[in-house]
Amino acid sequence: MKLLKKYFKGVINRLSIDSAQLYSIKHNIKTWRSWRQRAATDEILCDFMRIGEATIAFSYFSNVLARHLNARIVPFTEKYRGWHLPIWLVFKSFNARGMVFSSHLSKAQKNKRDTIYLSTRGTIHTKRDVLELKVEGVWIGIDIYESYLRTFSKSTVDLEDPKFWQTFKDGIAILIYWQDYFSTHKVVSLIVSHDIYISLDIVCKVAYSQQIPVYSPTIRGLYRLDAPFMVHKYFSDYPAIFKTLPLAERLEGIEWAKERLQLKFSGEVGVDMAYSNQTGYLDKTTDKKVLRVSQNLKILIASHCFFDNPHAYDEFMFTDFYEWLHFLGKLSEETNYDWYLKPHPDPLSGTFEALNEILNFYPNIIVLPHDTSHHQLINEGINVVLTAHGTIGHEYPYFDVPVINAAYNPHIAYNFNIHVKTVEEYKNVLLNLNNLDCTIVKEEIFEFYFMHNKYILPDDLMLPSYNKYLNDLSTEERVGFEGTKYFINHLTPSRHEEIILKIENYLDSGKRWYFSCGPSEK
């Protein structure tokens, strides 16, 4: 027995399985062994997500769904190099079987890929051509576009870049792979962490085309998808859902939002934004003015990360943030406004270089230090803020400063923002800012904040308290498997059964989103 334990320990060390992963594996084997659908041949494809927190949601949701559909759980990823044996053992421990690599093409599939690539490449002359590309009726251009930006930290698509054309070819290959896979396997459902990029969104679109349900479970929500961008369509339902809530819940929600916003604007870091480690609302107003002293309207551009998902919530009216800024730069030359740009307070590497490259063409736009306090900008008289779909859309209206959005965004259902749908409408609004009509009602801001940051994100879907979990663990611990260890240590038999019942009820209900049916489901 001692020799066996020593051997097992040696194997664990060679596989680089850390103690938290091993803890998760042992728990999963004990918890889910009896749930395995041993005779099942139908498949639930499950995104091989390597974040510990995600495996909590996946372990529960995939097993309940597998029992619901009498199917087996099959993990998938794009490339072999993205396959990590320790993580696969975690998946295996909650009944996942095998591994599918969507980049592993047969000779016939490679030949088909090359044929389509050569015939399609000649049709691509502009970035818009890339974005709108459909292959065999499936819209994969947007996934190719965004994957290229993200993978290579590019501010825009460069049609002269061999890396772009390799991404282009990879997108076609993944489509071919999944079309063939779905034709030779009985796939009955798909579980994904995200519905973006060629590695995930293309398989989602193949599933949509065959009416196969796609789910995106997290430890704070459950979502069913059947079309691109569906995961965010509930934004437009916030007012209608809010009206259905009991009066006491509405009043409590408004008070909660007031308190959270006051905390946010006091300079607290990460208020309802756990991913953020900076704040733009520090009270660091200086005696030196940031804005010019003039009678001109003062416009602030709140820029985004160029590389990260410009089409986050729906199709953006511009191909990317690079093109958006060029559009605004040209407009700055046609107006007598004072133009300013403030980079995101958490800039990724390469952000400033991309901004400088663009704004060298447009001297009318002054770039502010990224750590400039919004309080100082508001006090000095910023008149209008421009964003694509940022959180600034509810922040500046709180201080009675209107915000104009250039894309579908979380605030879309409310009038405390201005929302435009076309480039022509956008330009017309920007050229006539002196006549801007925006009615800001604070109560709507509080309603939105409650709906978006609390109501749709239940605190106790899987954890006893998600907010306590955020306070107790660092981001690194939540991304790794210390988060799963935390979950296991706070799990009781009754809570385990409660989580299962919640998922079963959700699946039986046919609801699109766990938190509410909502008008968009009709």
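The values are calculated or read from the model by the stated rules, or taken from the named source; none is laboratory data. What you see is a predicted model, and the numbers here were worked out from it, not measured in a lab. Backbone-built Cβ (ideal geometry, glycine too); neighbour counts: all protein chains shown. With ligands, DNA and RNA removed, areas are computed over all heavy atoms of the protein, side chains included. Shrake-Rupley method; radii C 1.70, N 1.55, O 1.52, S 1.80 Å.
Quick one: count up the residues across segment 61-107 that are open to solvent by 20 Å² or more (accessible area, probe 1.4 Å), assigned to a helix (DSSP H, G or I), closer than 23 Å to residue 50 by Cα and hydrophobic (A, V, I, L, M, F, W, C).
The total comes to 3.
Against the condition open to solvent by less than 30 Å² (accessible area, probe 1.4 Å), of a type outside the set (Ser, Thr, Tyr), within 21 Å of residue 256 (Cβ to Cβ) and at pLDDT 95 or above, how does residue 487 come out, does it pass?
Against the criterion (open to solvent by less than 30 Å² (accessible area, probe 1.4 Å), of a type outside the set (Ser, Thr, Tyr), within 21 Å of residue 256 (Cβ to Cβ) and at pLDDT 95 or above), residue 487 does not qualify.
Name the residue that is nearest to residue 508 (Cα to Cα), counting only residues in segment 213-237 that are part of a loop (DSSP other than H, G, I, E, B) and open to solvent by less than 20 Å² (accessible area, probe 1.4 Å).
Top of the filtered list is 221.
For segment 181-196, give me each residue that is buried (at least 22 other Cβ atoms within 10 Å of the Cβ) and under 20 Å from residue 146 (Cβ atoms).
Of everything in segment 181-196, those that are buried (at least 22 other Cβ atoms within 10 Å of the Cβ) and under 20 Å from residue 146 (Cβ atoms) turn out to be 190, 192, 195, 196.
Would you call residue 56 open to solvent by less than 60 Å² (accessible area, probe 1.4 Å), assigned to a helix (DSSP H, G or I) and among the hydrophobic types (A, V, I, L, M, F, W, C)?
yes
Look through 397, 343, 402, 310 and report the one residue that is at pLDDT 95 or above, open to solvent by less than 10 Å² (accessible area, probe 1.4 Å) and not hydrophobic (A, V, I, L, M, F, W, C).
Of 397, 343, 402, 310, the one residue that is at pLDDT 95 or above, open to solvent by less than 10 Å² (accessible area, probe 1.4 Å) and not hydrophobic (A, V, I, L, M, F, W, C) is 397.
Within segment 403-419, is even one residue closer than 18 Å to residue 438 by Cβ, touching a helix residue (DSSP H, G or I) at 6+ places or on another chain (Cβ under 9 Å) and assigned to a helix (DSSP H, G or I)?
No, the conditions are met nowhere in segment 403-419.
Can you pull out every residue in segment 324-342 that is in contact with a Ser or Thr (Cβ under 7 Å, 6 or more places away or on another chain) and of a type outside the set (A, V, I, L, M)?
Listed by number, the residues that qualify are 338, 339, 342.
Condition check ((1) polar (S, T, N, Q); (2) open to solvent by less than 20 Å² (accessible area, probe 1.4 Å)) across all residues:
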position	(1), (2)
426	no, yes
439	yes, no
449	no, yes
455	no, no
462	no, yes
480	no, no
496	no, no
508	no, no
515	no, no
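Yes/no per residue for (1) more than 14 Å from residue 440 (Cα to Cα); (2) at pLDDT 95 or above; (3) surrounded by fewer than 20 Cβ atoms within 10 Å (Cβ to Cβ); (4) of a type in the set (Val, Ile, Thr):
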residue	(1), (2), (3), (4)
358	yes, no, no, yes
365	yes, yes, no, yes
370	yes, no, yes, no
374	yes, no, no, no
383	no, yes, yes, no
387	yes, yes, no, yes
406	yes, yes, no, no
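Is there a residue being touching a Leu at 6+ places or on another chain (Cβ under 8 Å) and more than 30 Å from residue 238 (Cβ to Cβ) anywhere in segment 382-398?
no
Can you tell me which residue within segment 171-200, out of those that are touching a helix residue (DSSP H, G or I) at 6+ places or on another chain (Cβ under 8 Å) and of a type in the set (Phe, Trp, Tyr), is nearest to residue 57 (Cα to Cα)?
My answer is 197.
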